[in-house]
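Visitor: My questions all concern the structure below.
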Amino acid sequence: MTATDRGHRDEWVGRSVPRKEDLPLVTGHGRYVADIQLPGTAEVAFLRSPMAHARITGIDVSAALAGEGVVTVVTGADIRATVLPFTRFVDQEFTPPGLERAAHPVILPCPMPVLASERVRYVGEPVVAVVAADRALAEDAVALVDVTYEALPVVVDPVLAVQSGSPLVHDDITDNVQATFEVRAGDVDAAFAAAPHVERFNYETQRQAASPMETRGVLAVHTDVTDETTVWTSSQTPYMVRTRISEQLGIAEESIRVVVPDMGGGFGPKVQVYPEEVLLAHLARTLGRPVRWIEDRSEHMIATAHSRDQRHTVEVAFDDSGLITAIRDDFLMDAGAYNPFSITCAYNSAVHFRSVYQVPHFQVRGRCVLTNKTPNGPYRGCGRPEATFAMDRAVYQIARLLGLDPVEVMARNLIPADAMPYPRGMPYRDGQEVVYDCGDFPAALAQLRALSGYDEHARARQAQPTSTAVTRRGIGFASYIEGTGIGPYEGAVVMLDSLGRVVVRSGSAPHGQSHDTTMSQVAADVFGLNPDQIIFSAGDTSLVPNGIGTFASRSAVVAGSAVLLAGRRLEQRVRAIASELLEISAEDLVVDAGYVHVRGDATSRVSLADVYRAALPGPQARIPGGTEPGTRELQYFVPPTVTFGAGFLAATVSVDLETGGVVVERIDIIHDCGRMINPVVVEGQLQGGILQGIGGALYESVVYDENGQPLTTTFMDYLLPTSAEVPEIRQIHLATTSDRNPLGVKGVGEAGAIAPPAAIANAVADALRPLEVELNRLPLSPPTVIEAITRAQR
Amino acid sequence: MKAPRFEYRAATSVAHATELLAEYDGDAKVLAGGQSLVPLLNFRLSNPAALVDINGLGELGGHRLGADELHVGAVCRHREIERDPQIAARCPAIADAVAQIGHVAIRNRGTVVGSIAHADPAAEWPGLAMLLDAQFTARAVQGERTIAAGAFFDGFLSTVLDPTEVITAVTFPLPPVASGSAWIEFARRHGDFALVGVGAVIECADESITSARIVVTGVSDTPVRVAAAERVLHGAQPGEALFAEAGRVVATQVDPISDIHGDATYRRRLAQVLTRRALAVAADRAA
Amino acid sequence: MRISMEVNGRGVEVDVEDRTSLADCLRDRLGLTGVHLGCEHGVCGACTVLLDGSSVRSCLLFAVQAAGHRVTTVEGLADGAGQGGLHPVQTAFMACHGLQCGFCTPGLVLTTCELLAEDPAPTAEEVRARLSGNLCRCTGYVKIFEAVDRAAELMRARSGTAAAPAGAAEDTR
Ligand SMILES: Cc1cc2nc3c(=O)[nH]c(=O)nc-3n(C[C@H](O)[C@H](O)[C@H](O)COP(=O)(O)OP(=O)(O)OC[C@H]3O[C@@H](n4cnc5c(N)ncnc54)[C@H](O)[C@@H]3O)c2cc1C
Ligand code: FES
Ligand code: FES
């Protein structure tokens, strides 16, 4: 173990060290929000709208108020004066000038009440909150609330919603289009005019529920003495929760502490700030006792944001060799009854649409359409799986039309390695020009092709083009690109505690991503410690003044870099203080194993605890001139823009022609996530994402009937893949160091989830050859596969 | 999702159970494995005044495999049947089916009789009961009666059982040793309720089929026995073509419902395909 | 109703309402919050506990039904015999990165314990089928399979070493 003099070594970063998080979790001592018990806590249950669209004509809570154990019953009218509705949702809603110029987004206001009092717009919208001694009693009382509704016409299908005469979800949004944008790169019209072939395809990615195993939950308590409201919540974005509570209750952020305890998964829907979080803070303040609400699964399926749900109409201009010269994409995203994320997901679809392909001319219009459904938000991949499904199915379909091998056509359209960095002629969501930073896509595809056994498979098929077998095997490819590590920033505090231990505090709260382990690896390298010796905490707004959260594959990149920078600063400061103590130049000192020692002489040293004490304020302080006392560094990392991860995925499937059953036998993935802090953690992220992608490809679908009634409100109907549906998964890691952050990493959180639906659909199409099946709607449930086969046979 | 209030009454004997059921006059429910009933309570889709727990009744436990029948007590769990290798050897259709019920933790707790009483048209045990012509013994304070499977199921989650009756046992007559049997089903995921399931029993003599039974689940509000398809098989020579023909007949005989997991056309198709496959396996297993 | 049962090797008495699920009783009354609730309708398996040694959904069992029975939760597994006092299945889940958020982990660990008690060397197919009643949304299960294999090895090794002294004694006789 040799320490170097640059205050940073590569001892721990890059190694699959065991996770620090695990011990409490495997012994049942994790602390999720539902596990926190505060004496005197009252429990909340909600009456939620059973109607997709209705006017509320009366609410009678008298019977509920008289219910056993009931503390109070709260309606929208009760809080009208004290709790403001949601008018802003997420901080990224701000449109940067670069994006404004290129995409001209139009975003209409669409405020969302905390409790609906006049009108309900989706089944599941909260109407009345009942607070009682325990949850069962609260549910008993909910059944006693009498709400009368006057049904309004319902709009469920986003295609119908944009047609004139459709019922309106919000009266002042007269075509139900809440947000829209249009961007172009190159000269699309000319390219289409010159193209030998033009084809049009429709693609549809279904509505999904991210379904973290832990539902949402909030526990709020107000302490009069300090006038502080503490809110524990299962959220990916504690700071946004703090801001919304502050704005909507009219109290200073300084009086609100939001804490995210252990979290049982998030995957996107917990990025949003929800009515329950604001309301519980209000209830804690007004009732003067702790209140908690633990969402149950049937609530979760209607009250927590859904995702995906896009319909693309894609026109492709291409030549005889399959080279795509231009694409026009016009798509709708079914936003549900409110659109908390504005154009976030839809713009992601637009910006990632062309994936790893050149497609020099491109035009896309996205429209976020209101319907009477649960609001739509991000879910792992956030707009990218939808776009990839359209793009890579289109590549396969034009290959088919031309009689060419689809993987050849993919290869022909790739951005060559020597073209990097590659500008795309349109801005990212942060307003910065999209420039793919690095990667050798053709080499990666070739490597995956070899791994997957595609050539042998293609040869075998050529030898025997038709088969009578009932079960057919196919291999399908798809690609992905992913801007990772989006800003605006993330903060970290790195400090010494009084025992001389290194303490790291991150603004980005984890929910299974191993922040403790990976950030400790980063800090351990800076201080010559073992990751186990780093004291890590996160997810508490009292630890770091400002922060954003964990989503969009950003934590390793943005929060990790903040830890690195803050750590380096503290390391320098520690040496500077030690230099006062040891009376030797800081340049000649090394921080290692809890001490600062003279280079080449490990016995001339001071401990980090000595350094801590020496830096305390007062006349005895031994701090470098011109600096403040203390050993605490706060640093925010503001990335210049995103860094692009990319990869390819091949799915090997078998299809039962008689039942339409699809079995995914193997997934091969090659991916570039930059430098890997902890390879096993990266593998885990990919495998989890891949299985979610398989779920989206084959099993999962949130279904509504024509009256806007949700039909998939249980885990019996919303089908998550189980262990029995897991294919063999093989991975090739490429690690092209990113130069857009000091760690050289790219995000990987979402990578696995993006390409599987496209690859699996392509594999099913491949398996069914020579039939020409249309598999342009997800999920590929057995009945849809049979339907596609039947249609192709006609 | 907390259950509504009810009174919990643990029965101390079968007679006590019937008295309790009579006491609540139809507003009490028998609690067996709870694997169907408790989800309904948690969703507040069911709101009985009382639950009569029969799990403590040792006299209702266990199963007995005789020479030509399988006798199963009311608190015998799926898992107990699954783990008896002699049942699998004697009547493979039962083993095929029971292994596909949910997951081990469900099978550790859920009961054969509870599944039959619950009468889910997609469930395995009601289908097996129809396939094997099971007989149920039902007790009430007034006395005991025996109900044949064919007369038991009368609609979606509905049976002819009176709410004051408790089933104490079920007897499955077993097909002859030389017969072959199979249960084949298609579910979206491992452990899910099947979209469609098909049970088949075939007996052969001198290269031809002397007796055949076919039951299909998931295509109606109860499991259905398809006599028209059985007739196709009688006296004919077993073979793929014949089984395919039986499958086609099944498809003409069933009138499935549509739901989010599969529409009527698709279920009909599955019934056809699975019938053929089940018959082939059953024929293969026939001595 | 006042009930007594054995929880993690200790006799306990609690007052519960008839309608209180075993899961809520364990969590809220006995503080055993390693019992997680992911669905409360029997599908996810996060609430799995062992009842007299068999895996059951504690969300589908009323606490009153557990009276007189033996309940094991994940908190009661660490038997002090394995590495760091953990049960080998817990050790294996940690060693193989068999968990991310950890919400599903208690249920999966207990299901694995039951499996390995019945079959010390399960096939890959058996493992896949057996775990299918415990949903995990984070890991994609691949590393959980590895953890089950590792746990089986650890447990075989452990029973091997436990048996050794007796054999050794015979040799010296
Ligand atoms: C996740 C999950 C997956 C499942 N998958 C399947 C599956 O694939 N296939 C399948 O068949 N089942 C499945 N089940 C249901 C399971 O098999 C149940 O065990 C079974 O349906 C009911 O048996 P039980 O003993 O649990 O009955 P309970 O839930 O206790 O009772 C069910 C009903 O029957 C009545 N009842 C029970 N016993 C008697 C009796 N002796 N006399 C009169 N009435 C009685 C009850 O009053 C109640 O109305 C699944 C359950 C779950 C939770
Ligand atoms: S909480 Fe019991 S199975 Fe999901
Ligand atoms: S580790 Fe998160 S659900 Fe399994």
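Visitor: For region C:113-123, which residues satisfy the criterion of being away from ligand 2 (no atom under 16 Å from the Cβ) and either within 14 Å of chain B (Cβ to nearest Cβ) or in contact with a Ser or Thr (Cβ under 9 Å, 6 or more places away or on another chain) (or both)?
Guide: Initially, region C:113-123 is screened for residues away from ligand 2 (no atom under 16 Å from the Cβ), giving C:113, C:115-123.
Matches in region C:113-123: C:CYS113, C:LEU115, C:LEU116, C:ALA117, C:GLU118, C:ASP119, C:PRO120, C:PRO122.
Visitor: Next up: Among the listed residues C:ALA66, C:ALA92, which satisfies the condition of being assigned by TED's automatic domain parsing to the domain that holds C:ALA152, more than 15 Å from ligand 1 (Cβ to nearest atom), open to solvent by less than 20 Å² (accessible area, probe 1.4 Å) and not hydroxyl-bearing (Ser, Thr, Tyr)?
Guide: C:ALA92
Visitor: Tell me which residues, restricted to region A:148-167, are touching a residue at least 40 places away in the same chain (Cβ under 8 Å) and open to solvent by 20 Å² or more (accessible area, probe 1.4 Å). Lay out the reasoning, then the answer.
Guide: Restricting attention to region A:148-167, the residues satisfying the condition of being touching a residue at least 40 places away in the same chain (Cβ under 8 Å) are A:148-159, A:161-162, A:167.
If the condition is that a residue be touching a residue at least 40 places away in the same chain (Cβ under 8 Å) and open to solvent by 20 Å² or more (accessible area, probe 1.4 Å), then A:THR148, A:TYR149, A:GLU150, A:ALA151, A:LEU152, A:PRO153, A:VAL154, A:VAL156, A:ASP157, A:VAL159, A:VAL162, A:PRO167 are the ones that fit.
Visitor: I'm trying to understand the selection: among the residues of region C:106-131, which are away from ligand 3 (no atom under 14 Å from the Cβ), in contact with a helix residue (DSSP H, G or I) (Cβ under 8 Å, 6 or more places away or on another chain) and either assigned to a helix (DSSP H, G or I) or of a type in the set (Val, Ile, Thr) (or both)?
Guide: Within region C:106-131, C:CYS113, C:GLU114, C:LEU115, C:LEU116, C:ALA124, C:GLU126, C:VAL127, C:ARG128, C:ALA129, C:ARG130 qualify.
Visitor: Is one or more of the residues making up region B:278-286 modelled with pLDDT of 95 or more, under 17 Å from the mean Cα position of the chain (by Cα) and open to solvent by less than 30 Å² (accessible area, probe 1.4 Å)?
Guide: There is at least one residue in region B:278-286 that is modelled with pLDDT of 95 or more, under 17 Å from the mean Cα position of the chain (by Cα) and open to solvent by less than 30 Å² (accessible area, probe 1.4 Å).
Visitor: Across region B:230-249, which residue is farthest from the chain's Cα centre (by Cα) among those that are touching a residue at least 40 places away in the same chain (Cβ under 8 Å) and in a helix (DSSP H, G or I)?
Guide: So the residue we want is B:GLU240.
Visitor: Further question on the same structure: Can you work out which of the residues in region C:23-63 that are more than 11 Å from chain A (Cβ to nearest Cβ) and charged (D, E, K, R) is farthest from ligand 1 (Cβ to nearest atom)?
Guide: Among those residues, the one meeting the criterion is C:ASP52.
Visitor: Could you give every pair whose Cβ atoms fall below 7 Å, whose first residue belongs to region A:291-304 and is within 11 Å of chain B (Cβ to nearest Cβ), and whose second residue is open to solvent by 10 Å² or more (accessible area, probe 1.4 Å) and among the acidic types (Asp, Glu), counting only separations of at least 6 or pairs across chains?
Guide: A:ASP296/C:GLU40; A:ARG297/C:GLU40
Visitor: Can you find even one residue in region C:89-107 that is over 11 Å from the mean Cα position of the chain (by Cα) and away from chain A (no Cβ under 11 Å)?
Guide: no
Visitor: Is it the case that region A:171-190 has a residue that's closer than 30 Å to C:GLY107 by Cβ, open to solvent by less than 70 Å² (accessible area, probe 1.4 Å) and outside the structural domain of A:GLU706 (by TED's automatic domain parsing)?
Guide: No, region A:171-190 contains no residue that is closer than 30 Å to C:GLY107 by Cβ, open to solvent by less than 70 Å² (accessible area, probe 1.4 Å) and outside the structural domain of A:GLU706 (by TED's automatic domain parsing).
Visitor: Quick check: is even one residue across region C:75-82 free of Cβ contacts under 8 Å to residues at least 40 places away in the same chain, among the acidic types (Asp, Glu) and open to solvent by 10 Å² or more (accessible area, probe 1.4 Å)? Talk me through it step by step, then tell me what you get.
Guide: The initial filter retains those residues of region C:75-82 that are free of Cβ contacts under 8 Å to residues at least 40 places away in the same chain, namely C:77-80.
When the remaining residues are screened for being among the acidic types (Asp, Glu), the result is C:79.
When the remaining residues are screened for being open to solvent by 10 Å² or more (accessible area, probe 1.4 Å), the result is C:79.
There is at least one residue in region C:75-82 that is free of Cβ contacts under 8 Å to residues at least 40 places away in the same chain, among the acidic types (Asp, Glu) and open to solvent by 10 Å² or more (accessible area, probe 1.4 Å).
Visitor: A further question on this structure: Looking only at helices (runs of 4 or more DSSP H) that lie completely in region B:1-91, which have at least 1 residues being hydroxyl-bearing (Ser, Thr, Tyr)?
Guide: Fully inside region B:1-91 and qualifying: B:14-23.
Visitor: Additional query: For C:GLU126, are the conditions met, namely being away from ligand 2 (no atom under 16 Å from the Cβ) and either at the interface with another protein chain (Cβ under 10 Å from one of its Cβ atoms) or over 24 Å from B:ARG107 (Cα atoms) (or both)?
Guide: No, not satisfied.
Quick grid of which residues meet (1) more than 23 Å from the chain's Cα centre (by Cα); (2) under 30 Å from A:GLY689 (Cβ atoms); (3) open to solvent by 10 Å² or more (accessible area, probe 1.4 Å):
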| residue | (1), (2), (3) |
| --- | --- |
| A:VAL502 | yes, no, no |
| A:GLY512 | no, yes, yes |
| A:VAL544 | no, yes, no |
| A:TYR612 | yes, no, yes |
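Visitor: What helices (runs of 4 or more DSSP H) completely inside region A:676-794 contain at least 2 residues that are within 23 Å of C:VAL127 (Cα to Cα)? Steps first, answer last, please.
Guide: Working: elements: A:679-694, A:751-754, A:756-767, A:782-793.
Of the helices (runs of 4 or more DSSP H) lying wholly inside region A:676-794, those with at least 2 residues that are within 23 Å of C:VAL127 (Cα to Cα) span A:679-694.
Visitor: Please determine whether any residue of region A:755-774 is free of Cβ contacts under 8 Å to residues at least 40 places away in the same chain, surrounded by fewer than 24 Cβ atoms within 10 Å (Cβ to Cβ), facing chain B (nearest Cβ under 10 Å) and not β-branched (Val, Ile, Thr).
Guide: Looking for residues that are free of Cβ contacts under 8 Å to residues at least 40 places away in the same chain, surrounded by fewer than 24 Cβ atoms within 10 Å (Cβ to Cβ), facing chain B (nearest Cβ under 10 Å) and not β-branched (Val, Ile, Thr), one finds none in region A:755-774, hence no.
Visitor: Could you say which residue among C:LEU50, C:LEU37 is on the phi < 0 side of the Ramachandran plot, within 17 Å of the chain's Cα centre (by Cα), within 16 Å of ligand 3 (Cβ to nearest atom) and open to solvent by 10 Å² or more (accessible area, probe 1.4 Å)?
Guide: Just one listed residue meets the conditions, C:LEU37.
Visitor: Any residue in region B:154-182 that's surrounded by 14 or more Cβ atoms within 10 Å (Cβ to Cβ): show its pairings with residues that are acidic (Asp, Glu) and part of a loop (DSSP other than H, G, I, E, B) at Cβ separation under 6 Å, as long as the two are six or more apart or on different chains.
Guide: If the second residue must be acidic (Asp, Glu) and part of a loop (DSSP other than H, G, I, E, B), the pairs left are B:LEU174/B:ASP68.
Visitor: Moving on to the next point. I'd like to check something: does region B:176-192 contain any residue that is closer than 30 Å to B:SER13 by Cα and within 18 Å of the chain's Cα centre (by Cα)?
Guide: The answer is no, given that none of the residues of region B:176-192 is closer than 30 Å to B:SER13 by Cα and within 18 Å of the chain's Cα centre (by Cα).
Visitor: Shifting gears a bit: Only residues that are β-branched (Val, Ile, Thr), part of a loop (DSSP other than H, G, I, E, B) and surrounded by 24 or more Cβ atoms within 10 Å (Cβ to Cβ): list them for region B:208-225, please.
Guide: If the condition is that a residue be β-branched (Val, Ile, Thr), part of a loop (DSSP other than H, G, I, E, B) and surrounded by 24 or more Cβ atoms within 10 Å (Cβ to Cβ), then B:VAL219 is the only one that fits.
Visitor: Let me spell it out: the conditions are (1) more than 14 Å from chain C (Cβ to nearest Cβ); (2) over 30 Å from B:TYR266 (Cα atoms); (3) aliphatic (A, V, I, L, M), and A:ALA650 meets all of them except one. Which number is the exception?
Guide: All conditions pass for A:ALA650, except number (2).
Visitor: For region B:190-207, give me the residue count where each residue is over 24 Å from C:GLY133 (Cα atoms) and out of contact with any strand residue (DSSP E or B) (no Cβ under 8 Å at 6 or more places or on another chain).
Guide: 3
Visitor: Looking at (1) open to solvent by 10 Å² or more (accessible area, probe 1.4 Å); (2) more than 30 Å from C:CYS104 (Cβ to Cβ), which is the only condition A:TRP232 fails?
Guide: Here A:TRP232 clears every test but (2).
For every residue, the table says whether it meets (1) more than 15 Å from ligand 2 (Cβ to nearest atom); (2) touching a strand residue (DSSP E or B) at 6+ places or on another chain (Cβ under 6 Å).
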position	(1), (2)
C:HIS97	yes, no
C:PHE103	no, no
C:LEU110	no, yes
C:SER132	no, no
C:LYS143	yes, no
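Visitor: Testing A:ASN372 on (1) part of a loop (DSSP other than H, G, I, E, B); (2) within 15 Å of A:TYR480 (Cβ to Cβ); (3) open to solvent by less than 10 Å² (accessible area, probe 1.4 Å); (4) not hydrophobic (A, V, I, L, M, F, W, C), one condition comes back false. Which one is that?
Guide: Of the numbered conditions (1) part of a loop (DSSP other than H, G, I, E, B); (2) within 15 Å of A:TYR480 (Cβ to Cβ); (3) open to solvent by less than 10 Å² (accessible area, probe 1.4 Å); (4) not hydrophobic (A, V, I, L, M, F, W, C), the odd one out for A:ASN372 is (2).
Visitor: Further question: Within the group A:LEU686, A:LEU711, which residue is surrounded by fewer than 19 Cβ atoms within 10 Å (Cβ to Cβ) and either within 7 Å of another protein chain (Cβ to nearest Cβ) or within 21 Å of the chain's Cα centre (by Cα) (or both)?
Guide: Among A:LEU686, A:LEU711, only A:LEU711 is surrounded by fewer than 19 Cβ atoms within 10 Å (Cβ to Cβ) and either within 7 Å of another protein chain (Cβ to nearest Cβ) or within 21 Å of the chain's Cα centre (by Cα) (or both).
Visitor: Scan B:PRO92, B:PRO121 and give me the residue that is open to solvent by 20 Å² or more (accessible area, probe 1.4 Å), within 19 Å of the chain's Cα centre (by Cα) and more than 16 Å from ligand 3 (Cβ to nearest atom).
Guide: After ruling out the rest, the residue left standing is B:PRO92.
The values are calculated or read from the model by the stated rules, or taken from the named source; none is laboratory data. Quantities reported herein were computed from a predicted structural model and do not represent experimental measurements. Every residue, glycine as well, gets a Cβ built from its backbone with ideal geometry; the counts of neighbours run over all protein chains shown. Note: areas computed on protein heavy atoms with side chains; ligands, DNA, RNA excluded. Shrake-Rupley method; radii C 1.70, N 1.55, O 1.52, S 1.80 Å.
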